[in-house]
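Everything on this sheet refers to the single structure shown next.
Values in this text are rule-based calculations from the coordinates and carry no lab data. Computed from a prediction, not measured in an experiment: that's the story for all the values here. Heads up, the Cβs are rebuilt from the backbone with ideal geometry, glycines too, and the neighbour counts pull from every protein chain shown.
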Amino acid sequence: MTRANKDTGRKLTDYIPALKWLPHYNRAWLAGDLIAGLSVWALLVPQGIAYSSIVGVPAQFGLYTALGALIGYALFGTSRQLITGPSATVAAVSFAVVGGLAASPNSDEWIAYTAALALLTGVIFFVMGLLRMGWVSNFLSRAVLEGFIFAFGIGLIIDQSHKLLGVSKVDGSYWNVLVGTIRDLPQTNLYTFAVGGAALALLLILRRYFPKWPRALIAVALGIVVATVLPLNANYGVSIVGTVPTGLPSVAIPTFALSDLTPLLMGALAVIFVGFSETLAAARDKAALHQYEIDVSQEMVAQGMASGVSSLLGGYVVDGSLSKTTVADLAGQKSQMASLVTAGLILLTVLFLAGLFTNLPNAVLGAVVIDAAIGLVKVPVLRKVRATSRVDFAAFVAAGLGLFFISVLAGVVIGVALSLLLLIAGVSKSPVRRMGLDEEENTYVVVDRNPRAKLSEAVLVVDMAGPLFFADAAPFRESVLAMIEEHKPRAVVVDLGSATFMDMDGAEILGTLSRELEGKGIRLALARVDDEELGLLERAGTIEEIGGATSVYETVRHAVAELEASLVVKPAAMQALS
């Protein structure tokens with residue numbers, strides 16, 4: 001069955017995987033899923049509130065986001081362990097996108113555009129998934145993404161430092177924020193610094209010695225208690241979150257000016273570039289660990305539903321989180337029932353507990369974000385990339401510098417551009433190989449790998465081991481001409497059996513090569529040309545240029561035999577005439 005037939009024959013359970021596993025849920029998994037759901041809740045609540053400050057929306061929207069994302073992914077995802085929810089990386093991208101469209105953070109306009117970005121991200125994800133475009137994930141350079149995340153982790157630490165110090169935040173790139181924060185150090189509120197510093201120290205100690213404890217929830221709870229008992233805001237000027245309303249969020253489709261559709265769409269693509277890479281890394285890691293497969297295209301649908309449902313609740317963009325997924329896995333998660341459990345706990349938090357966060361110091365939230373950001377600064381990854389490839393390391397550094405010194409969106413754009421350049425550079429190095437006859441196997445093989453291969457003195461046989469397209473056309477021609485200069489053949493056979501793809505530039509370079517060889521008295525022939533390539537070559541006029549259909553052969557052996565025979569007969573005939 002072809003791929004197309006498989007796709008058109010997909011069942012409803014393929015589009016909504018929960019319909020497959022939920023009716024047949026193994027009750028033996030319930031204990032692990034309940035513990036995992038509670039563990040993720042303990043991490044997700046403080047992080048959701050903290051990441052709301054990165055996005056630029058009120059604290060409660062982090063809870064709305066988590067609620068929508070958990071339900072959306074649980075119903076449509078194919079990973080049993082992946083946790084989708086608020087993320088620092090895509091939160092920063094959201095802030096950068098909305099910052100160019102709305103007046104000020106926390107305003108109604110800002111909230112609406114933040115939700116609109118989530119909706120458009122969800123729609124694009126959903127459409128890409130339905131079109132089975134999961135293959136695009138293979139074109140994202142890991143080195144570029146790691147460079148982006150590494151620099152982002154450092155930038156996020158700098159970005160949140162003003163909360164620990166109690167000074168105003170400076171706008172601009174992370175470099176500008178660093179300079180501004182250092183400049184404002186004399187205005188540090190010592191009480192705020194004490195609270196934030198203590199919270200960060202507690203988080204780092206718990207990270208080091210008690211990694212399984214819900215350190216973010218512990219720090220937040222202690223911060224609320226201390227701020228309420230003293231009270232820090234009224235007596236010492238320590239900034240707090242402020243009123244966090246309880247109750248269900250309103251459900252609505254976000255609106256925006258149509259004139260802003262293009263920047264929102266570009267922003268959505270930026271979110272997808274950053275978020276889906278992180279999502280797939282987490283999903284694939286756990287799938288490999290537990291020995292099952294994920295459907296990458298369906299994962300796009302699931303991420304689309306997660307962001308889409310989040311947007312309808314007024315929330316922001318989300319992605320799959322490696323840290324939260326690891327917490328869930330270590331707690332014993334067996335299925336997405338754990339996400340539904342977490343969603344239920346989040347709903348209870350929204351209905352009854354949200355008001356408890358009113359006295360939460362912003363310095364503690366800053367410490368929670370910095371603690372998460374520290375996990376993004378992976379020095380071993382930096383060392384590995386540097387030791388592995390100079391090109392990848394240069395891309396790693398370039399993406400990071402763009403993000404740090406220009407903007408988050410600049411880092412994303414540079415990352416996308418570098419990924420495409422690395423892709424083109426990689427596929428444009430397809431080797432042009434000299435082929436010879438393996439008489440035992442009666443087939444043509446690569447000469448360099450088979451020293452016993454028989455070579456024709458008159459006919460040079462080459463093949464293209466990869467795509468023959470715009471990026472590789474000129475190098476292909478140069479390689480063939482170099483071989484001709486070295487071996488002085490009287491005819492050349494280009495074996496296209498290994499050419500994975502050909503475009504107009506590839507077709508035209510064959511015509512150009514034919515004309516050049518004709519001027520040197522060398523004949524060009526093609527072998528093993530498939531129907532698609534043959535149609536392209538005919539439309540481009542290449543077949544006519546190389547001498548018509550008689551210069552195209554089904555096999556290399558046939559081509560070599562006929563060319564050798566013609567080259568022997570022609571000199572003899574010329575001698576008889578003389």
The summed charge of the residue 104 Cβ neighbourhood (under 15 Å; Lys/Arg +1, Asp/Glu -1) stands at -2
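Where does the chain land at 222 nm, in deg cm²/dmol rounded to the nearest 500, when only DSSP H runs of n ≥ 4 count, each adding -39500 (n - 2.57), divided by all residues? Walk me through the numbers before you get to the answer.
On the way: 25 runs with 359 residues, N = 578.
That comes out to -20000 deg cm²/dmol.
Computed FRET efficiency, Cβ-Cβ of residue 326 and residue 185, R0 41 Å: what is it to the nearest 0.05? Don't skip to the answer; put the middle values down first.
Working: r = 36 Å, r/R0 = 0.87.
Given R0 = 41 Å and the Cβ-Cβ separation, E is 0.70.
Between residue 103 and residue 176, what FRET efficiency comes out of the Förster formula 1/(1 + (r/R0)^6) with R0 = 22 Å and r the beta carbon distance, rounded to 0.05? Before the final figure, lay out each step's value.
Values: r = 20 Å, r/R0 = 0.91.
Between residue 176 and residue 103 the formula returns 0.65.
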Region 96-136 scanned against label point 7 Å out from residue 257 along Cα→C-beta; backbone N under 20 Å for 96-120
Computed over the chain: longest principal axis from alpha-carbon atoms vs helix 390-405 long axis, angle to nearest 10 degrees, is 40
Restricting to Cα pairs under 8 Å and 6 or more apart, the percent relative contact order of region 432-577 works out to 21
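For region 280-357, rounded, prolate or oblate, judged on the Cα gyration tensor with a ≥ b ≥ c (square roots of eigenvalues), a/c < 1.5 rounded, else prolate if a/b > b/c?
Values: a/c = 2.48, a/b = 1.46, b/c = 1.70.
Taking the square roots of the gyration eigenvalues as a ≥ b ≥ c, region 280-357 is oblate.
Restricting to the chain, what percent of DSSP beta bridges are antiparallel, rounded to 5? Present the calculation step by step, with values, prior to reporting the outcome.
Working: 12 of 25 bridges.
Just about 50 percent of them are antiparallel.
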For 371, 319, 260, ascending order of other Cβ atoms within 10 Å (fewest first) is 260, 371, 319
Computed over the chain: longest principal axis from alpha-carbon atoms vs helix 190-209 long axis, angle to nearest 10 degrees, is 60
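Net charge within 15 Å of residue 208 by Cβ-Cβ distance, Lys/Arg positive one each and Asp/Glu negative one each, not counting residue 208 itself?
Summing Lys and Arg as +1 and Asp and Glu as -1 gives +2.
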Fewest to most Cβ atoms within 10 Å: 205, 54, 346, 414 sort as 205, 414, 54, 346
Full extension between residue 289 and residue 520 adds, at 0.36 nm per residue less the Cα distance, a length in nm of 77.2 nm
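Looking at the calculated P(r) for region 220-265, what percent of the C-alpha pair distances fall above 15 Å? Intermediate results must be reported in sequence, preceding the final value.
Working: 681 of 1035 pairs.
In whole percent, the long-distance tail amounts to 66.
Is the shape of region 432-577 best called rounded, prolate or oblate, per the rule: a/c under 1.5 gives rounded, else a/b larger than b/c gives prolate, else oblate, with a ≥ b ≥ c the square roots of the Cα gyration tensor eigenvalues? Each step should come with its number before you reach the end.
Numbers: a/c = 1.56, a/b = 1.17, b/c = 1.33.
Oblate, since a/c reaches 1.5 and b/c is not below a/b.
Give me the Å³ per residue figure for the convex hull around the C-alpha atoms of the chain.
Taking only Cα atoms, the chain has a hull volume of 198 Å³ per residue.
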What the Cα atoms of region 141-223 span along the principal axes, largest first and in whole Å, is 41, 33, 16
In nm, the gap between the two label points placed 7 Å beyond Cα toward Cβ at residue 356 and residue 550 is 8.9
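Using Cα-Cα distances under 8 Å and only pairs 6 or more residues apart, what relative contact order does the chain have, in percent?
22 percent.
Indicate, rounded to the nearest 5 percent, the antiparallel portion of the DSSP beta bridges found entirely in region 432-577.
Values: 8 of 21 bridges.
Percentage antiparallel, nearest 5: 40.
In units of 2.2 N^0.38 Å, what is the alpha-carbon radius of gyration of region 1-130? Intermediate results must be reported in sequence, preceding the final value.
Numbers: Rg = 17.8 Å, N = 130, 2.2 N^0.38 = 14.0 Å.
So region 1-130 has a normalised radius of gyration of 1.27.
Loop-only trypsin sites (Lys or Arg not before Pro) in region 477-565, please: DSSP not H, G, I, E or B, and at most 15 other Cβ atoms within 10 Å.
Numbers: sites: 477, 490, 515, 520, 523, 528, 539, 557; in loops: 490, 520, 528.
Listed in order of number, the matching sites are 520.
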Between residue 13 and residue 205, the FRET efficiency computed from the C-beta separation at R0 = 45 Å comes out, to the nearest 0.05, as 0.45
Relative to the chain, whose Cα atoms define the longest principal axis, helix 261-290 and its Cα axis are tilted in degrees, nearest 10, by 90
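Specify the longest stretch of the chain that does not include any exposed loop site, a site being one of the GluC sites (Glu not before Pro) with a non-H, G, I, E, B DSSP assignment and at most 16 other Cβ atoms within 10 Å.
Working: sites that count: 293, 439, 440, 441, 457, 554.
Looking at the chain, 1-292 is the longest stretch - no exposed GluC sites (Glu not before Pro) with at most 16 other Cβ atoms within 10 Å.
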